[in-house]
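The values are calculated or read from the model by the stated rules, or taken from the named source; none is laboratory data. Quick caveat: nothing in here was measured; it's all calculated off a predicted structure. Backbone-built Cβ (ideal geometry, glycine too); neighbour counts: all protein chains shown.
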Amino acid sequence: MNPNQRKSSKFKQVFVLSTAMLSFISFWRAASIVLCDFGSSAYYAGGIAMKSFGAAFPWFILAVMLFAGAMLAVYVESCGMFVRGGVYVVVRRAIGKVMAKMAVSALMFDFVVTGPISATSAGLYLGYLASNLFHISGADFNFPIKIFAMFFGVAVISYFWRKNIKGVGESSDTNVKIVSFVAVIAAVLFAWSLYTLWIRGFKLPPFEIHFTEEALGWAKYIDWMRPIGLLGIFMAFGHSILALSGLETMAQVYREIEDPKIKNLKKTALIVFAASFMFTGVLTFISSLIIPYEQIATRYADNLLSGLAMELHGPYAARFMLQILVVVSGGLILIGAVNTSMVGANGMLNRVAEDGILHDWFRQIHKKYGTTHRMINVIAVAQISIVLISRGDIYLLGEAYAFGVLWSLVFDTLSLIVLRFKDPGYERGWLFPLNIKIKNIYVPLGLSLVFLVLLVTAVINLVTKNVATVSGVIFSGVFFMIFQISEKLNSKKTRLYEDEPEIDEKLNLSRENDILELLPKLKKERRILVPVRNPNNLVHLKHVLAAVDDETADIIVMSAKISKIMEFGREESPIGEGDKDLFKDIILLAEKYGKTIIPLLLFSNDPFYSIMQAAASLKVDEVILGVSGTMGAEAQLERLAMTWGLLKSQGFETRPVKVKIIWQGRKLSYELN
C-alpha cells in the first residue's frame, strides 16, 4: 500500500449502513424459515381437531392444508406488491390505518400464542417419551406430563427471551438443518407407515362430525346454528384452521429472497405447500389409518406423531428408537417456532413503531445489546403468562390460537381485493388466478372465493370458539388501544427521549476509522461503485441492480455528505433524517431486486473528490453515476476525469476504471487510466 494514499485521505470517518436484510438467501433457505414455523403445527393440529369434533379430523386437516396452497398464493400477490409487506402494510394501503391497527393487533395475538403452544407441545412430546421410559424401566411412577410441559414451556420461552434481548435472531443455516433433519424423520415415518398399511390393510376414517359441548361454544344456545350440513363443515374447518399459522412468515422472509424475487418466491411457496401438505396433512391422515381412534383419543391426542411411531408394524425396540427421533425432531422444530414467534412479534412491533403508532417508550434500546428490549419483555411476559394460565393444556391453547391467524388473513385478503380496484395500475409481480379483465381492472374472482371462505369461517369461529373470541378480542383490544394512544401521544411531541438514539430496524450503523479498512470485506471478482445523492434520481442504481450479478460483483452504494467544517479538523456532521431517508430508499430498492449491496456514508468537502478517492482506495472496476441536476453529463465526466488526474498526482495507487453516467434512456461512458 502506498503510504501517501493514507496520508492524503480527505475522509477518515466512514459509516457502513448494514442490515441482515441485505444478505439475500435462496428459495430453499426461505422455505426452511417458513416451514420451521408453518410446519410445527403438524405435531398438535390433528389432536386438537380430534378433541373438537371426533374421528373425521384427518379429512379437515387435509382440507386445511389444501387451502394453505390458496393462502400461499395470496401472499405471493401481496409480497409482489410490497417488498416490506405483511398484513399491516397491505391493509393500511387498502383500507386505512385504523383497520391496519386492528389487523396487526389480531396478528400479534397469533404471534404471542405461537410461543406457548409450540413450547408446550414440545414439552408434551418429551413428557410422553419420559413416561414411556419410566414404563419400560418398570418404575412405578406416574409422570406429571402436563405439569412438566408447562414448566418446560416457561423454560424455553425464558431462554429465547434472554437470547433475543442479546440480539440473537434467526439463522437460515440452522433452519435448513432443522428442516432437513425433520424431513428425514418424516420420510422414515412415511415409508414405514406405507409398509404397515400394506401388511395390515386400512379403513378410511369416517366422515362423521360429532362436536363436543365445548367445541360448539355459544352455538349450542342458538337454535338455528345446528352443526349439520354445510354449517357443520365450516364449524369443523374452523376448528382445524390453526394448522395455517405461520403464513405471515412468508411476508417477513420475502425481502430477504435473492433475485429473481418473484420467481424465487413462487418456488418458496410451492416447496412450503408440498412439504406442509405431506408432513401435516398426509402424515396426520396416515396416523388416523394406523392408530385406533380410541388410542388417539386416550393416549396420543397430545403427541400424535409420537404415537404413530409406536403403533407401526415392527419390533418394539425399533419403534421406540423411532419415537425418540420423532420427539427430537419435533422438539427442534417446535422450539424453533418459539424463537420465530418472538422474532416475528418484535419485528412486527418495530414495523408499526416506524409508522408512529407505538410509543417511543417501547422503542428504547438496551444500553448493552442495542435491542428493543421493552418490546421483547412485553412479548415474553405475555407468552409465559399464557403458558401458566393454560397449565399445559394444549387444547385450550389451540382453541385460542386460530383467532389471530384467521382474522389477519381475512384483513389481508380483503385488502388485496380492495387494491385491485383502488390501485389497478400498481405494479404487481403476480396475480392470484381466476380474474376477469374489465378495462384496466382485473376483477378478482379467485381472491373473492378465498375471502368468502375465510370470512365465513372467522365469523362462525366467533360463536363456536368462545375461549378464542374472549381472549382474542381482549388481547387485540388492548393492543389496539395501545396503538391508538401511542399515535396520539406521538403526534403531540417530537420525541420523548431526545438523548436516546433512534431505533431503526432497517439501518444499523457501524463506523470504520478509514475507508481502507473495508478492503478485506470486498472479496468478489469485480467491484462497482454507485454514488447516490437524490432519492428521486436512482435510475442508475436500478440499472446496476437489474444488470449486475451480485454473486461475482461487490455493489458499493456510496453517498458523500458535504461537511465544510472538516477542513478545520472538527467532528463531522451528524447523520440527518435526509441521509436516513435516502438509505432507506436504497435498501428497499436492493431488497426489491434481491441484490446484496454495501451502503456507505462518507463525509467530504468535495463530492467528486470523494467519489474518485473511494474508487481508487477500494480498487473498483466501474463507477456508475446518475446525471446531475445542476450540470450536464459531459461536464460531470470532465470533472471526474480531472479529479482522477489530481489523485494520481497526489500519489494514489490507481488502475483503469470505467465511468458511466446513466439517465432515462441514455448512457455516457469513458475509461480513466
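Here are a few things to note about the model shown:
- Residues considered: ILE157, ILE117, ILE147, ILE136. Of these, the only one that is farther than 30 Å from GLU487 by Cβ and either surrounded by 22 or more Cβ atoms within 10 Å (Cβ to Cβ) or in contact with a Gly (Cβ under 6 Å, 6 or more places away or on another chain) (or both) is ILE117.
- Within the option set ARG319, ARG351, being out of contact with any Pro (no Cβ under 6 Å at 6 or more places or on another chain), among the basic types (Lys, Arg), surrounded by fewer than 24 Cβ atoms within 10 Å (Cβ to Cβ) and more than 24 Å from PHE27 (Cβ to Cβ) holds for one residue only, ARG319.
- Lone qualifier among MET225, MET278 - being out of contact with any Gly (no Cβ under 9 Å at 6 or more places or on another chain) and either under 28 Å from VAL112 (Cα atoms) or among the polar types (S, T, N, Q) (or both): MET278
- The condition (being out of contact with any Pro (no Cβ under 9 Å at 6 or more places or on another chain) and either at pLDDT below 80 or assigned to a helix (DSSP H, G or I) (or both)) is satisfied by just one residue among ILE565, ILE555, ILE528: ILE565.
- Exclusive hit being within 17 Å of GLU77 (Cα to Cα) and either touching a residue at least 60 places away in the same chain (Cβ under 8 Å) or hydroxyl-bearing (Ser, Thr, Tyr) (or both), set LYS261, LYS203: LYS261
- Failed condition for LEU334, given (1) hydrophobic (A, V, I, L, M, F, W, C); (2) buried (at least 21 other Cβ atoms within 10 Å of the Cβ); (3) not in a helix (DSSP H, G or I): (3)
- Which numbered condition ILE485 misses (of (1) modelled with pLDDT under 90; (2) out of contact with any Gly (no Cβ under 7 Å at 6 or more places or on another chain)): (1)
- Only one of GLY398, GLY425, GLY392 that is surrounded by fewer than 22 Cβ atoms within 10 Å (Cβ to Cβ), modelled with pLDDT under 90 and assigned by TED's automatic domain parsing to the domain that holds GLU214: GLY425
- Selection status of SER172, in contact with a strand residue (DSSP E or B) (Cβ under 6 Å, 6 or more places away or on another chain), surrounded by 14 or more Cβ atoms within 10 Å (Cβ to Cβ) and farther than 24 Å from ALA56 by Cα: yes
- For segment 356-389, the set of residues classified as among the polar types (S, T, N, Q) and at pLDDT 90 or above consists of ASN377, GLN383, SER385, listed by residue number.
- The number of residues in segment 643-667 being closer than 27 Å to LEU522 by Cα and in contact (Cβ under 8 Å) with a residue 12 or more places away in the chain comes to 17.
- Criterion (hydrophobic (A, V, I, L, M, F, W, C) and over 31 Å from the mean Cα position of the chain (by Cα)) met by exactly one of MET342, MET321, MET348, MET375: MET321
- When we screen TRP218, TRP224, TRP198 for residues that are over 32 Å from the mean Cα position of the chain (by Cα) and surrounded by 12 or more Cβ atoms within 10 Å (Cβ to Cβ), the only hit is TRP218.
- Residue within segment 151-166 that is of a type in the set (A, V, I, L, M), in the same structural domain as ASP393 (by TED's automatic domain parsing) and over 22 Å from the mean Cα position of the chain (by Cα) present: yes
- A residue that is within 25 Å of ALA49 (Cβ to Cβ), surrounded by fewer than 23 Cβ atoms within 10 Å (Cβ to Cβ) and of a type in the set (D, E, K, R) cannot be found anywhere in segment 267-276.
- Filter pass, VAL410 being in a helix (DSSP H, G or I) and either at pLDDT 90 or above or buried (at least 24 other Cβ atoms within 10 Å of the Cβ) (or both): yes
- Filter result for the condition that a residue is in a helix (DSSP H, G or I) and loosely packed, with under 13 Cβ neighbours inside 10 Å, over ALA130, ALA187: ALA187
- Residue match in segment 184-192 (condition: in contact with a Leu (Cβ under 6 Å, 6 or more places away or on another chain) and either in the same structural domain as GLU248 (by TED's automatic domain parsing) or within 25 Å of LEU322 (Cα to Cα) (or both)): yes
- Any hit, segment 21-40, residues being in contact (Cβ under 8 Å) with a residue 12 or more places away in the chain, surrounded by fewer than 21 Cβ atoms within 10 Å (Cβ to Cβ) and on the phi > 0 side of the Ramachandran plot: no
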